[in-house]
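Shown next, in structure tokens, is the structure this report addresses.
The numbers here are math on the coordinates, done by the rules we state, and not lab data. This is a predicted model, so every value here is computed, not measured. Here the Cβ positions follow ideal geometry from the backbone for every residue, glycine too, while neighbour counts run over all protein chains shown.
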Amino acid sequence: MNPLLLFFVSILLVSAILLIVLYTTFYVPSLKQLLVFRRLPGPRYFPVIGAAYELPFVGYAGVFKWLKATAVDRFKRICSVWMMGLPVVFINSPQDIEVILSSMKCIDKGEEYLTLKTWLNEGLLLSTGNKWHVRRKLLTPTFHFRILEDKAPTMITSARRFVDKLLGEGGKPFDPFDKVSRCTLDVVCEAAMGVKLNAQNNQSSHYVATIKRVSKAVIYRILNMQFLSQWLWNITPAGIRNNKDTKILHDFTNKGHDTTAALILFALFELGHHPEIQERAYQEQFEIFGDDPRDPTFSDIKCMTYLELLIKECLRLYPSVPYFSRRLGEDLHLKDLPPVPSGSNVVIMPIFLHRNPDYYPQPERFDPDRFLPDECTKRHPFAYIPFSAGPRNCIGEIPISQSPILTKSSKVGSVDQCRVSGLLHTPRRGCRMVLHPFY
Ligand code: HEM
């Protein structure tokens, strides 16, 4: 063959391969997206590539700081950013959040959820369309209040075992994360799936360590967007490791235990820091039970009004799911704004919404009284969304809001500083506590 022709054919072949790799690795926006998207407010980065090049430098621990500075502080209501061809829109106002979460049309999960696919497969969290409708309809009755009443004895047994484990530390400082995690794993597996796991009696930390690694891998892929492409991820050493990890988790895992564990951990953290709040919570328990060591009933739980305020305030300051998103199947129309084009990834961040001083004065202050009925009526209902809202809200919301997390047998003594990071909202450096028995 003529060497010149060979040269051109080789160039063509290499270009075609590069194009295929680019096309299967990154998003290619449509002309309409390119034209419409630029009319939305947002920082001006490189066109199409957008802010993606900053992400690898942000690091695992800096994600939320970066998100706040980029997507909340400057643009307040709404902020649009290109991310390697993917149009991403951060929505920060309760009014706009209500529009998207209430819509039956916006039920597809965002692109980031692809990173969970090998772990959670096509379960309720990730499925969409008819598959999701059918599964949701089947599963919803399982989480009904009355059905959960049957599970109460097993939940109480796990809770008692948990308290024994905490007291077993004999008043020395310890990090409760592993114990909390095992307890919620036992409770959720048994209540939601009827599976007896007995994780609290199993000394191996293998499972908890694997969950941590898999969660870290999800954030890593979001920060390094080239790895959102499954085939590219699968051939990296981290991807190969991750695929092995997710196989272990398939057998055990479910969506509820780590979110609930994070809630309990932060509740312990805040109780340790606020003896006066702990005392009010304790007094409420004492009024219900006195010195009687009996098990709580569901009617007791209805009397635990302060405990309910406390849980709500924990989920405000530390929403276990700090970030979630939807991929638009059609244009989204928000009041007084150009349309958000179909194909955009719309992001909602309870972690910043719940700390917006317009809705929560002195937002960093832990104050359960913010959730007294009179205070709640002053706020937009979508200013508080720890369980999301609308058709794709959390199916576990009822059991969580009806589960007592405190027992009256122990008192949290002191808790070290902890920071927040990760896929779920959990303490980054752990949180060490001391537990003093009451009697
Ligand atoms: C403090 C505890 C919990 C919090 C804060 C929480 C929060 C959330 C949030 C924010 C979502 C929406 C996520 C999204 O749109 O991407 C969600 C979905 C979901 N949650 Fe929870 N969750 C908790 C506990 C549970 C429990 C205990 C279970 C089950 C045993 C559970 C099962 C689910 C399921 C199945 C979905 C997907 C629902 C759907 O897409 O239709 N969650 N959760």
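Things worth noting here:
- Most fluctuating residue given options Leu334, Leu101, Leu19, as computed from a GNM of the chain linking Cα atoms under 10 Å: Leu19
- Relative contact order (%) - criterion: Cα under 8 Å, at least six apart; region: the chain: 24 percent
- Stokes-Einstein D for the range 141-317, Kirkwood Rh over Cα pairs, 25 °C, 0.890 mPa s (µm²/s): 132 µm²/s
- Stokes-Einstein D (µm²/s) once Rh is taken as the Kirkwood radius of the range 1-45 over alpha-carbon pairs, at 4 °C in 1.567 mPa s: 95 µm²/s
- In a simple Cβ point-charge model (Lys, Arg +1; Asp, Glu -1; nothing else charged), the chain has a dipole of about 1320 debye relative to its Cα centre.
- The chain: most fluctuating residue of Ala267, Ala152, Ala69 per GNM, C-alpha cutoff 10 Å: Ala69
- DSSP beta bridges fully contained in the chain are about 85 percent antiparallel.
- Under the Karplus curve 6.51 cos²θ - 1.76 cosθ + 1.60, θ = phi - 60°, whole-Hz ³J(HN,Hα) for the range 330-337, x wherever Gly or Pro sits: 8, 4, 10, 9, 10, 4, 6, 10
- Surface/4 estimate of mean projected area, convex hull on alpha-carbon atoms of the range 232-344, nm²: 13.7 nm²
- Estimated [θ] at 222 nm from DSSP helical runs (n ≥ 4, -39500 (n - 2.57)) normalised by residues in the chain, nearest 500: -14000 deg cm²/dmol
- Other-chain or far-sequence residues with amide H under 5 Å of Gly256's (modelled H): none
- At the listed q of 0.10 Å⁻¹, the Debye profile of the chain, built from one uniform point per Cα, gives log10 I(q)/I(0) equal to -0.76.
- Calculated P(r) tail over 20 Å for the range 271-332, as whole % of Cα pairs: 48 percent
- Stretch in the chain that is longest and holds no trypsin sites (Lys or Arg not before Pro) that DSSP places in a loop and that have at most 13 other beta carbons within 10 Å: 197-293
- Relative contact order [Cα under 8 Å, 6+ residues apart], the range 141-317, whole percent: 20 percent
- Treating r as the C-beta distance of Phe7 and Trp231 and R0 as 22 Å, the FRET efficiency rounds to 0.15.
- Under the combined filter of DSSP loop state and at most 13 neighbouring Cβ atoms within 10 Å, the range 263-355 retains these GluC sites (Glu not before Pro): Glu330.
- Rounded to the nearest 20, the Cβ-based charge dipole of the range 141-317 about its Cα centre (Lys and Arg +1, Asp and Glu -1) stands at 1100 debye.
- Here the range 299-353 is described by how far its Cα atoms reach on the three principal axes: 49, 20, 19 Å, from widest to narrowest.
- Of all complete DSSP H helices in the chain, those with a Cα span along the helix axis of 15 Å or greater and a mean Kyte-Doolittle hydropathy of 0.5 or more are 3-25, 177-193, 206-223, 257-273, 305-317.
- Working from the Cα coordinates of the range 193-242, the gyration tensor eigenvalues give, after taking √(5λ), semi-axes of 29, 11, 10 Å in decreasing order.
- Over the range 107-222, the hull volume per residue, using the convex hull of the C-alpha atoms, is 133 Å³.
- Note that the range 357-365 has calculated 3J(HN,Hα) couplings of x, 5, 10, 10, x, 6, x, 7, 7 Hz, one per residue in order, obtained from phi through the Karplus relation 6.51 cos²θ - 1.76 cosθ + 1.60 (θ = phi - 60°); glycine and proline are x.
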